[in-house]
Amino acid sequence: MLEKDYKKVPIEDIEKEFNPSEKEPIKYGLGVRHVQAVLYFMCLALGYISRGHLGVTIVGMTMVDHDAHEPIPVTEAVIYENSTTIDTVTTTEGFIINKTIVDDLQDNITFTDNKTDVNWNVYRTYDWPKSIQEMVLGSFFLGYSIMMFPIGIVCQRWGGKIPLQIAMFVNGVVSFFTPWLVTWGGWKVLCVLRTMQGLSQAGLYPGILTLLANWVPVSERASLSSYVYTASAFGTVIAFQAAGILAFSRFGWPSTFWTTGIACFIGFILISLFGAATPKDHKSISEAEKNYIMGATSNSVETKSKVPWKLVGKSIPVWATITAHMGNAVCFVFFFMQVPTYVFAILKLNIRNSGLLSSLPYFASFFSSVGFGYLSDFLTNRKIMSIKNARRLFNSIACVVPSICLMSVAYTRDTFLAVICFVLFVMCHSAMHTGWMINYMDLSPNFSGALMACGNTVTNVVVLALPIIVSNIVTDVTNQHQWRITMFLMAGLTLTANVIFIIFMSAEVQPWNDSDGNTADNKTEYEVVEQESEKKKEIEDS
C-alpha cells in the first residue's frame, strides 16, 4: 500500500506540510468531494424510489374484485383464525401504504376488465390475484440477488461510477416504458422488467462504497458515508408519498412510472457529467483538495482488477464483518416484513390510517444516521475513542437496541409503546452505517466494493430463508406466544452476530489490500499518517 493514505486532523498540520509558505491557507471545507457525495445520495435515493413505488402503484393497477370486477376496500385487514394470511396492502419490504392514498385511488381509477383483447390503453387496470402481485413485487429481489456478486467484480475492474450509471440508465428506460410494455405482455413482462431493475441496482451499494473509499478522507469517513446512506430512508418516504399523489392525479398510475423514469434519466446525466471514479479523474478539483484526499504523492486507494479471493476467504475480520452484516440485515428485514402483520393481528392497530405514522421512522432515521456519523468522526478525530472501538460501539447500538425493541414489542399491547419501539428500532438501526458497513472500507479501501458485494450475497441467501422459518413457527398469526418465539429468535441471531463482530473485528488495513502485501505493519490509517508525520519532523529537526 502506498504511504500517504489520508491526511489526519487537525488541518493545521496538513497546511504546514502542503503549504509551508502559509501565504495561502488550504481550505478543507466544502469541496468537490461533497458534490460527489450529493451525487451518490441522489443515485441511491432514485434507486429506492424506483424499486419501492410499486408497492403503492400496484394498488392502482389491480384494485379489481376477482368475482364482480368492481373496486374493493383493500385497506381493511382481514384476519383468519389459525392462518398466517392477512389481506393487507403491504409491500414485499413490509412498508405500510397510507389508507388515504388507497381511498383516493379507489375514487379516481377507472376499472376495466383485462380479459378483453389487448389494447394500448395504459390507464387500464389488471385483474391480478394476490399471488401474482407478490410474484411481481418479489421479482426485483431475484435480479438483485443474482447480480450482487458479479457486480462486485465490475466495481473492482472499472471503478464505482459505471455501476451507478448502469443503474440509473436501466431504471430510467425500464420505468418510462413499463406502462406500455405491461399493456402488451401483462404481469409476466412486468416481472421481467422488475428483474432487470434488480439486476441493475445490485451495483448501487458496492459502487457507492468503492467511490467513497476513493473520495472520502478517513477523518470524514463516518460523517459523509452516513449522509450518503440516509438516501435509502429518504427515497423510501418519497416513493410512497409521491406514488400516492401521482397515482390519483389526472395522469393516473402510469405517471408514477413516467416520472420515475425521467428522474432516473436526469440522475444518469448528472452522474455522467459531474461524477468521477477518483479525484485523479476529476477535471476541476483543486490540487489542494486532491492532496487533502489522496495525499501528497499519489492515491492510496487503487482500483485493482484482481481480488485476492483466497486471502479474503481466510480473513477472520472479513467474516466477522459479513456476520454482523447478515445479523443486522436479518433483524431489519424481519421487522419490516413481519411486524406489520403482528401489529394487525395482535395489537389490532391499523397504522396505515396515518401517513405521518408510517413515515415517522424514516424521517427519524435520516437525522439519527447523520448524527451517528458526525459523532463517530468527533470521537475518533479528537482521540476520545479508537476507530476500532468506535466501530464496535455503533455496531452494538445498531444491533442491541433494535433487538430490545423487537423483544419488547412481543410483550406489549399498548399502541403508544409499540410506536416508540418502531421509531427507536429504525433510528438505532441506522448506526450500522458507522459500524459494520464502514468497516469494509477500514479493512480494505481497495476492495471495499467487492467485500460489500460478498456480504450482500451471503445476506440475501439467508434472508430468502426467513419467510420459511417464520411460517413454520407462526402457524396462527393471532397467537402472541408463537410471535414471541420468533422475535426472540431474530433478536438472538442479531445479538450473536454482534458479539462475533466485537470479538473478531479489526479496523486495520489488511495485508492483502496492497498488491505487494505490505500495509505499513497493519497500522490503522490514522496511525500510518501519524507515523509518517513523526518521521518527517525528526528529519527536519536533525
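Throughout, read-outs are computed from the coordinates displayed, never taken from laboratory work. Computed from a predicted model, the values in this text were never measured in an experiment. Heads up, the Cβs are rebuilt from the backbone with ideal geometry, glycines too, and the neighbour counts pull from every protein chain shown.
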Just rank H34, H429, fewest to most, by other beta-carbon atoms within 10 angstrom.
H34, H429
Loop-located trypsin sites (Lys or Arg not before Pro) in the stretch 308-348, at most 11 other Cβ atoms within 10 Å (DSSP):
K314, K348
Listing E220, E289, E134 from the residue with the fewest other Cβ atoms within 10 Å to the one with the most, what is the order?
E134, E289, E220
When C428, C399 are arranged by how many other beta-carbons sit within 10 Å of their Cβ, fewest first, they go C428, C399
